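All remarks here apply to the structure that follows.
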Amino acid sequence: MGEIDSGLNMNIVLVILATVLSCIIIQFIYKNIFGNKKSKTEEETSMDMVEPIAPTSENTVTESRPTGKSKKRGTWKQKTEFSHPWLLKNLKGHPGNVLMVDFSANGKFMAATCDDGSVILWDVRDLNSKEHRHIRVNIEFDYASHIAWSPDSKGFIVHTVQENHIMGYKVEKKKDLIVSVAHVISFDKVHVEDVVGFGISSNGKFMMSCSAKTDMIIYDLKGQILERLDTYLMNTHSAKISPCGRFVVATGFSPDVKVMEVCFTRNGDFKQVVKAFELTGHNSGVYDVAFTPDTSHIATISKDGTWKLFHTNIKYTLGESPHVLETGTYSPGANPPRIALSPNAEVLALACDTNVSFYDTYTGKLFGTVENIYSSSINYVSFDSSGQYLYVCGERAVRILHNVCGWSTSIDTCMRLLATKQTSATVERLNKTIQECKEKLAKFNN
């Protein structure tokens, strides 16, 4: 009996231990399973209480980019975006500041140089098309401050800033389209100071470069120096070759502008550079000059706050002197102004800081001003060969403006001619021109 009782007691103990162990295991499993669910539920509830982040406003600088499979892209507006009723279009693609443009003699192409080391050649035959063919050329470790097409439109030359020398490029075309550009020649450095004027004559007889000091150099197209000149200006602001290919001119500290002729023999050999005539009348230094294509008119702009238009279709060898046709005033800015003269000499475009003003050269009055074209100063302005458009150079783009002032001056010119005796055919042509210009002005509410 004692052995039986002890066996029963042992079984009871084992049952109790098994029961306690089972309770512990069940409690552990319950806490891990149901406890985690509860904590997750509480966590989700707390997350739901956090406010969602507001979307970025369109007015902020940060660009909104799509994610996932979305194909729509938010519009990103640059701070320098420019619009104006007179704006025809922007030629974009320049990473830096556009310093200068030049047009080929055949009128088909425009070359623009940029301070990032690039030169872009644009096809400008049809400005109304949405796309414009262009080709980019890179100048290694340097950039060009000036550029000029060759007279035959088969190449161009540039004057660099770092090395301060001339480089020549050849343009390859197929079916009248530029397909490639190759560097073919470099000339030795001749200037110590920065160059403020550079070009090639339209007759292909010589090149000219002029530094910010007083040294002007005339070369042949092989880079051989023909003559060194002293401008006697203390500081030279600009220097240019006349579109007719006969004259060179430099402006600077002096209020008078000397116009010099580069003379050649009948055989085409260089002869000499002689003083042709002077443009006088300003009271202070002259910043810039501009020509008509035949050099019959020259415009100047001075530090004294005036601009002048001269009649220069003269025989200076017979003692004739240029005379002032009109004088206008402008408000000087923080930077030296730049000017351009329309081919018919009826409109003067004056770029001062970030604005371009259009003047009627017959009356000397301001027609209108296009303001804040760029956020920084304008570098260069030039009319195209037709005079219908003004090309403006500045940061990252060449902006093309309608010459609205030109339509107004054409109407006035035709009206003055109609007041004199004219043939019936001429009267009909003048009236037609007036009607066409009025229709164009109506589109711009002028």
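Hand me the chymotrypsin sites (Phe, Trp or Tyr not before Pro) from the range 250-305 located in a DSSP loop with no more than 16 other Cβ atoms within 10 Å, in residue order please. Display every interim value, and only then the final one.
Values: sites: Phe253, Phe264, Phe270, Phe277, Tyr287, Phe291; in loops: Phe253.
In loop regions of the range 250-305 (DSSP not H, G, I, E or B), the sparsely surrounded chymotrypsin sites (Phe, Trp or Tyr not before Pro) are Phe253.
The calculated FRET efficiency for the pair Thr369 and Asp412, based on their C-beta separation and a Förster distance of 30 Å, comes to about 0.95.
Based on the alpha carbons, how large is the Rg to Rh ratio for the range 307-375 when Rh follows Kirkwood?
My calculation of the ratio gives 1.07.
If N is the number of residues in the range 196-279, what value comes out of its Cα radius of gyration divided by 2.2 N^0.38 Å?
1.01
Ranking Val124, His159, Phe141 by Cα position along the charge dipole of the range 105-162, where only Lys, Arg, Asp and Glu carry charges on their C-beta atoms, puts Val124 farthest toward the positive end. In summary, the convex hull built on the alpha carbon positions of the range 260-379 has an orientation-averaged projected area of 8.8 nm². As I understand it, the dipole of the range 235-332 uses +1 on the Cβ of Lys and Arg and -1 on the Cβ of Asp and Glu, about the Cα centre. Which of Thr306, Ser331, Ser284 lies farthest toward its positive end? Projecting each Cα onto the dipole axis, the largest value belongs to Ser284. Do any trypsin sites (Lys or Arg not before Pro) in the range 345-446 lie in a loop, going by DSSP, with at most 12 other beta-carbon atoms within 10 Å of their beta carbon, and if so which? Here the sparse-neighbourhood loop sites are Lys365, Lys421. Spin-label model, Arg125 to Phe141: label points 7 Å out along the Cα-to-beta-carbon direction sit 3.9 nm apart.
Using heavy atoms of the protein chains and a probe of 1.4 Å, the accessible area assigned to Tyr143 is about 60 Å². Centroid-to-centroid, using Cα positions, the range 245-322 and the range 420-446 are 34 Å apart. The largest accessible area among Leu177, Leu341 belongs to the first residue in Leu177, Leu341, and the rest follow in falling order (1.4 Å probe, all chains).
May I ask for the net charge around Lys365, where only other residues with Cβ less than 13 Å from the Cβ of Lys365 are counted and Lys, Arg are +1 while Asp, Glu are -1?
Details: positive: none; negative: Glu326, Glu346, Asp360, Asp412.
Here the charged neighbours net out to -4.
With an 8 Å cut-off on Cα pairs and a minimum separation of 6 or more residues, tell me the relative contact order of the range 401-444 in percent. Each step should come with its number before you reach the end.
Details: 22 pairs, mean separation 24.4, N = 44.
Reported relative contact order: 55 percent.
Farthest towards the positive end of the charge dipole of the range 168-245, among the residues Ser201, Tyr169, Ser242, is the Cα of Tyr169, using unit charges on the Cβ of Lys, Arg, Asp and Glu.
Counting only protein heavy atoms and using a 1.4 Å probe, the accessible area of Lys315 comes to about 120 Å².
Contour minus end-to-end for Gln422 and Ser186, with contour as 0.36 nm per residue of separation and end-to-end as the Cα-Cα distance? Show your work: numbers first, answer last.
Working: separation 236, 0.36 × 236 = 84.96 nm, distance 5.56 nm.
Gain on extension, Gln422 to Ser186, equals 79.4 nm.
The values are calculated or read from the model by the stated rules, or taken from the named source; none is laboratory data. Note that the coordinates shown come from a computational prediction; the quantities given were computed from them, not determined experimentally. FYI the Cβ positions are ideal-geometry reconstructions off the backbone, even for glycines, and counts take in every protein chain you see. For the accessible areas, the whole protein counts, side chains as well, though only heavy atoms, and no ligand, DNA or RNA atoms are used. Shrake-Rupley method; radii C 1.70, N 1.55, O 1.52, S 1.80 Å.
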